[in-house]
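Peer 1: Sharing a structure below in structure tokens format, with a few things to ask.
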Number of protein chains: 2
Amino acid sequence: MEGSAPRRTRIQQEKRELILEAALEVFSANGFRGSTIDQIAEAAGMSKPNLLYYFRRKEDIHETLMQRLLDTWLAPLRELDDIGDPLTELRSYIRRKLEMARDFPRESRLFANEILQGAPRIKPMLEGELKTLVDEKATVIKGWMRAGKIARTDPWHLIFSIWATTQHYADFDVQVRAVLGADRGGDGRFEDAARFLEQLFLDGLKPKG
Amino acid sequence: MEGSAPRRTRIQQEKRELILEAALEVFSANGFRGSTIDQIAEAAGMSKPNLLYYFRRKEDIHETLMQRLLDTWLAPLRELDDIGDPLTELRSYIRRKLEMARDFPRESRLFANEILQGAPRIKPMLEGELKTLVDEKATVIKGWMRAGKIARTDPWHLIFSIWATTQHYADFDVQVRAVLGADRGGDGRFEDAARFLEQLFLDGLKPKG
DNA sequence: CAAAATTTTGACCGGTTGGACAAACGTTAG
DNA sequence: CTAACGTTTGTCCAACCGGTCAAAATTTTG
């Protein structure tokens, strides 16, 4: 039996990383079918056959990329914990997700692309691992509601709304920039978004008093 | 000079509609580059050369589809009006957008695909028409804030958050269904979402009292 | 160093895809 | 009927794309 960790030379380690970085760039910008091996190879600074020496098929690159992505992508939700003040916990979660949209927009778009196409490669994971995790966190949130720490609502849709609002700033970045214009579309937009989302999720839109 | 409305026979009218309907189905599911003319032709029940008789290039279909989409897509925002109670207006807007996600998910995904790829074909429209419209509505919303009718926040990010949360149910439908599971993922999910979003946008998550 | 193992590349292949074209088919008006 | 016009299709092509292969270049190892 082969060990589960394939033995790799130093060059293989490095080149595989190089390819994955290049592929993230290309896939996230053009989608899976919209990207060609040649594009990835060029972005990685090597010839196509050379790239195919490290990853036998185009799908293998995508699969590897997706597996790595999912671990880090769900980390913020995993950290959502029962200890500490509920509202603070949620605020931290929103902030972390927004930071990820700011710092890893390519990963967000890669994921969005996959889901948009019907998640052909990761549907089992969504129905298994992801559902389990979300259900678990929904239970935590329900506990907070029962304890009167936060208002009663649907925990699942709460999580969806956090995903949607934060990832929007990565996935729809072009639109956000276009609408905000040159002056407000700069680096400050994430701070503005953070402030807005905090207020939205905590207090909503009803005027005070 | 040719008139701006190209003269078309009855058959041309019908067949073009047929093609656009088929193309919406295919493009929204596979993206532009992921879709082939053959697929669209088959979905429209005709041969490829026949389809190319009505639309000379693949891009022409996509362009026509996108132009039509944009008009209807922004209609709800255009309706956002200064008359009537502000909170009611916003609630209506959210409801209408959610209904569009429910009734026209293919249109939503087509749009999402375009933006994700960097909006190569509609960027001018985003920076022009769309920005103008949003700026205009932001002014209306600011007026409501100044009048103390709704809480003070950033009107642009408010609009983004409404777009994000509602379109999420069309664009990330697979994920939403997977997480909710067979029992809660049925038709009721849009009503649950409507209830949740209303509460979120009006009152936020802080517990009452 | 020299053999062995690994890495890189140019050339090539078969399948797909967007699109062209001319010929055939159908329809309609004089 | 028939000429003109609109519609449909089979065939074909050039470009592209994922992937193979054998040979050359390079690195590692004894």
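Peer 1: If I fit a long axis through the Cα atoms of helix A:173-184 and take the longest principal axis of the Cα atoms of chain A, what angle between them do I get, 0 to 90°, rounded to 10?
Peer 2: With rounding to tens, the tilt is 70 degrees.
Peer 1: What relative contact order, as a whole-number percentage, does segment B:54-177 give when Cα pairs under 8 Å and 6 or more residues apart are counted? Before the final figure, lay out the partial values.
Peer 2: On the way: 63 pairs, mean separation 42.6, N = 124.
Worked out over segment B:54-177, it gives 34 percent.
Peer 1: Just checking the output field for B:173-186: average partner chain Cβ neighbours within 10 Å of each residue's Cβ? Write out the running numbers ahead of the final one.
Peer 2: Values: counts 4, 11, 15, 7, 4, 12, 13, 7, 5, 1, 0, 2, 0, 0.
Partner-chain Cβ atoms within 10 Å, mean over residues of B:173-186: 6.
Peer 1: Helix A:189-203 versus the longest principal axis of chain A: what is the Cα-based angle in degrees, 0 to 90, to the nearest 10?
Peer 2: Around 40 degrees separate the two axes.
Peer 1: So, one more: Quick one: angle between helix A:105-116 and the longest Cα principal axis of chain A, in degrees between 0 and 90, rounded to 10, please.
Peer 2: The angle comes out near 90 degrees.
Peer 1: Averaged over peptide A:137-146, how many Cβ atoms belonging to another chain are found within 10 Å of each residue's Cβ? It would help to have the intermediate numbers written out before the result.
Peer 2: Values: counts 0, 1, 0, 0, 1, 0, 0, 2, 2, 0.
Average neighbour count from other chains, rounded to a whole number: 1.
Peer 1: First check a/c for segment B:102-141, with a ≥ b ≥ c the square roots of the eigenvalues of its C-alpha gyration tensor; if it is under 1.5, answer rounded, and if not, answer prolate when a/b is larger than b/c or oblate otherwise.
Peer 2: Values: a/c = 3.36, a/b = 1.40, b/c = 2.41.
Note, shape of segment B:102-141 comes out oblate.
Peer 1: A further question on this structure: Tell me, what ³J(HN,Hα) does each residue in segment B:37-45 have, in order and in whole Hz, if you take phi through Karplus 6.51 cos²θ - 1.76 cosθ + 1.60 with θ = phi - 60° and put x for Gly and Pro?
Peer 2: 4, 4, 4, 5, 4, 5, 4, 8, x
Peer 1: For the pair B:Glu136 and A:Arg56, what calculated FRET efficiency results from E = 1/(1 + (r/R0)^6), where r is the Cβ-Cβ distance and R0 = 60 Å, to the nearest 0.05?
Peer 2: Numbers: r = 54 Å, r/R0 = 0.90.
Efficiency for this residue pair is about 0.65.
Peer 1: Another question, then. Just to check I understand the Karplus step: with θ = phi - 60° and J = 6.51 cos²θ - 1.76 cosθ + 1.60, what whole-Hz values come out for segment B:150-162, glycine and proline as x?
Peer 2: Values per residue, Gly and Pro as x: 9, 5, 7, 8, 7, x, 5, 5, 4, 5, 4, 5, 5 Hz.
Peer 1: What is chain A's relative contact order, in percent, from Cα pairs under 8 angstrom and six or more apart in sequence?
Peer 2: This gives 21 percent for chain A.
Peer 1: How crowded by other chains is A:107-116, given as the mean number of beta carbons from other chains within 10 Å of each beta carbon?
Peer 2: Numbers: counts 0, 1, 4, 1, 2, 7, 5, 2, 9, 16.
If you average over the peptide's residues, the count of other-chain Cβ atoms is 5.
Peer 1: Where does each of A:25-32, B:57-64, A:182-189 land if you order them by average Cβ count within 10 Å, highest first? The partial results should precede the final answer.
Peer 2: On the way: A:25-32: 21.5, B:57-64: 15.5, A:182-189: 11.8.
Highest mean packing first, the order is A:25-32, B:57-64, A:182-189.
Peer 1: Turning to a different aspect of this structure: I need the phi-derived Karplus couplings for segment A:19-34: 6.51 cos²θ - 1.76 cosθ + 1.60, θ = phi - 60°, integer Hz, Gly and Pro marked x.
Peer 2: 5, 5, 4, 5, 5, 4, 4, 6, 4, 5, 8, 10, x, 5, 6, x
Peer 1: Starting from the Cα-Cα distance between A:Thr36 and A:Glu17, subtract it from 0.36 nm times their residue separation and give me the gain in nm to one decimal.
Peer 2: Contour length minus the Cα-Cα distance gives 5.0 nm.
Where a number appears in this text, it was derived from the coordinates with a stated rule and is not lab data. Worth saying up front: this structure is predicted, and the values here are computed from it rather than measured. In this analysis, Cβ positions are derived from the backbone assuming ideal geometry, glycine residues included, and neighbour counts consider all displayed protein chains.
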